[in-house]
Amino acid sequence: MSLNKLLYIETFGCQMNDRDSEIMGQLLKQVSFEATDDMNAADAIIVNTCSIRGKAEQKAYSLLGALRKKKKENPNLIIAATGCVAQQEGKTMLSRMPHVDLVIGPKHIYQLPALFERAAKQKKGIVAIDDASPFRIPLFLPSLETGLPHKRFVTIMQGCNNFCTYCIVPFTRGREISRETGDILCEVSHLVAGGVKEITLLGQNVNSYGNDQPKETRTNFASLLRRVAAIKGLERLRFTTSNPKDLSDELMCCFAELDVLCPHFHLPVQSGANAVLKRMNRKYSIESYLEKVEKLRGYCPEIVLTTDIIVGFPGESEDDFAATMGLIEKVRYHGAFSFKYSSRPPAKSCDFDEIVSEEDKSRRLALLQCRQKEITLERHKEFIGQDVELMVEGQSKAAHGQWAGRSDTNHIVNFHCQETLVPGQIVRVIITEACFNSLRSTLVKL
Ligand code: SAH
Ligand code: SF4
Ligand code: F3S
């Protein structure tokens, strides 16, 4: 392949896709593709897709559709669709979008250079989505030259075994596969030795890490956390996401034990009504969820909780929705992502009856988001007057002339400073003002 080809990657979806895009960029760099932010200048375009809701899938298809014209203008342009829509659609995607050269599932990204080489030679589209062969996430040390200097994601597992009835993920990412503990430790050590200060461990349900390994040699998620936390030089450790059903006492205890573990827990509840949780196959009740919340706060009183909520799941009654509204009053989450239920074949709930009308879904979502916004602001105001340590992110994008840092509770905090700061640097501030998306502060110590 000739030198200096340009690669543009558009990433949709979750942090797992963000991390996969980094991996793909790094792999293709090794065969002379430089990253570009300008799609029009690119010799190759990757659309890393997400399938979680109908809208996400439409976004991917509309971008891929728009690339038809570009391929006509430049037949040598390589177009690849990766991620969850690619895995799910396979050949169908090629017949809908014949200008796409490659359709690649998440487990096949490591073969990208070879697949690109094939695509450059052959006219016919290539599909690599085979899910049957055994797969182990390889040890692939992240590049320190590209990517953020101070914080990184490390994938610890692929897939999900839970089959929540609304969810497409088990169909796109397959069954749970935990990475080798040694590989994870090696990757984190490599990053930390290269100056990275903060690591977020990624998986669709990190709490079940290790469950697919033999019992005798198994490392569970709490043990993994302890081992990662012990890596010298690591300042902040986070993880996402957790299904509350698998949240163990041992894991909760880590919040009291491990200094580097940030006091923020994203604990998706999905609904406040037991009848809905049951039909969602979440395998916990609201009572047991609330018990865990209380326990977590016992171990770590300052812990910040955020969540995900779906409104309008089939059969969700007005009373069920009222229970969800009641739950957010009880827990008083610092933040919540909320979504209208979206039917995702072949997920099981597609066959459920008692469909909630679009109108009811929109009304419920607006009510929920409006109240949660107030609670978030109330929660943010509780920080006013507190002395907080921030990890510098860079210059604020929203507040002109200010710097932005992140608290260990995962809040964006802006502040004035005349000096030039570097990402990853720790500063101390006093919180002075609270907004919905961020906090404002005064610098007290560099
Ligand atoms: N593994 C995570 C969820 C990842 S998907 C967990 O179990 O918590 C992120 C969020 O998208 C979910 O928490 C859920 O709130 C939402 N979501 C997933 N499928 C959805 C669907 N079919 N319709 C609407 N929202 C959905
Ligand atoms: Fe989807 Fe449930 Fe797995 Fe989360 S735990 S990825 S919501 S099936
Ligand atoms: Fe989307 Fe796949 Fe992530 S469906 S949320 S990109 S696992």
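The values are calculated or read from the model by the stated rules, or taken from the named source; none is laboratory data. None of the values given here were measured: they were computed from a predicted structure. Backbone-built Cβ (ideal geometry, glycine too); neighbour counts: all protein chains shown.
Structure notes:
- Matching residues, region 24-41, being at pLDDT 95 or above and either within 16 Å of ligand 3 (Cβ to nearest atom) or of a type in the set (S, T, Y) (or both): M24, T36
- Residues being surrounded by fewer than 21 Cβ atoms within 10 Å (Cβ to Cβ), modelled with pLDDT of 95 or more and over 20 Å from L234 (Cα atoms) - total across region 403-418: 4
- Subset of region 63-83 (residues that are among the small types (G, A, S) and within 16 Å of ligand 3 (Cβ to nearest atom)): A80, A81, G83
- Residues of region 2-21 that are in contact with a Lys or Arg (Cβ under 9 Å, 6 or more places away or on another chain) and within 14 Å of ligand 3 (Cβ to nearest atom): F12, M16, R19.
- Residue list for region 149-167, filter: away from ligand 3 (no atom under 13 Å from the Cβ) and either under 19 Å from Q30 (Cα atoms) or among the hydroxyl-bearing types (S, T, Y) (or both): T165
- Single match in L261, L267, L247, L251 (criterion: more than 16 Å from ligand 3 (Cβ to nearest atom), free of Cβ contacts under 8 Å to residues at least 40 places away in the same chain and among the hydrophobic types (A, V, I, L, M, F, W, C)): L261
- Qualifying residue in region 151-160 (condition: at pLDDT 95 or above, assigned to a helix (DSSP H, G or I) and more than 16 Å from ligand 2 (Cβ to nearest atom)): no
- Among the residues listed as G385, G424, the single one being over 21 Å from R236 (Cβ atoms), modelled with pLDDT of 95 or more and small (G, A, S): G385
- Criterion: within 16 Å of ligand 3 (Cβ to nearest atom), closer than 30 Å to G65 by Cα and either surrounded by 21 or more Cβ atoms within 10 Å (Cβ to Cβ) or polar (S, T, N, Q) (or both) - qualifying residue of P170, P106: P106
- For region 88-106, the condition of being away from ligand 2 (no atom under 16 Å from the Cβ) and polar (S, T, N, Q) holds for at least one residue.
- Residue in region 219-231 that is within 16 Å of ligand 1 (Cβ to nearest atom) and either closer than 25 Å to A132 by Cα or at pLDDT 95 or above (or both) present: yes
- Residues located in region 42-62, provided they are more than 10 Å from ligand 3 (Cβ to nearest atom) and of a type in the set (K, R): K55, K59
- Residue match in region 36-43 (condition: farther than 20 Å from L202 by Cα and in contact (Cβ under 8 Å) with a residue 40 or more places away in the chain): no
Yes/no per residue for (1) of a type in the set (V, I, T); (2) in contact with a strand residue (DSSP E or B) (Cβ under 9 Å, 6 or more places away or on another chain):
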| site | (1), (2) |
| --- | --- |
| N274 | no, no |
| R282 | no, yes |
| S285 | no, no |
| Y289 | no, no |
| L305 | no, yes |
| I309 | yes, yes |
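- Looking across region 326-352 at every residue that is away from ligand 1 (no atom under 12 Å from the Cβ) and touching a Gly at 6+ places or on another chain (Cβ under 7 Å), the one that is nearest to E89 (Cα to Cα) is identified as L327.
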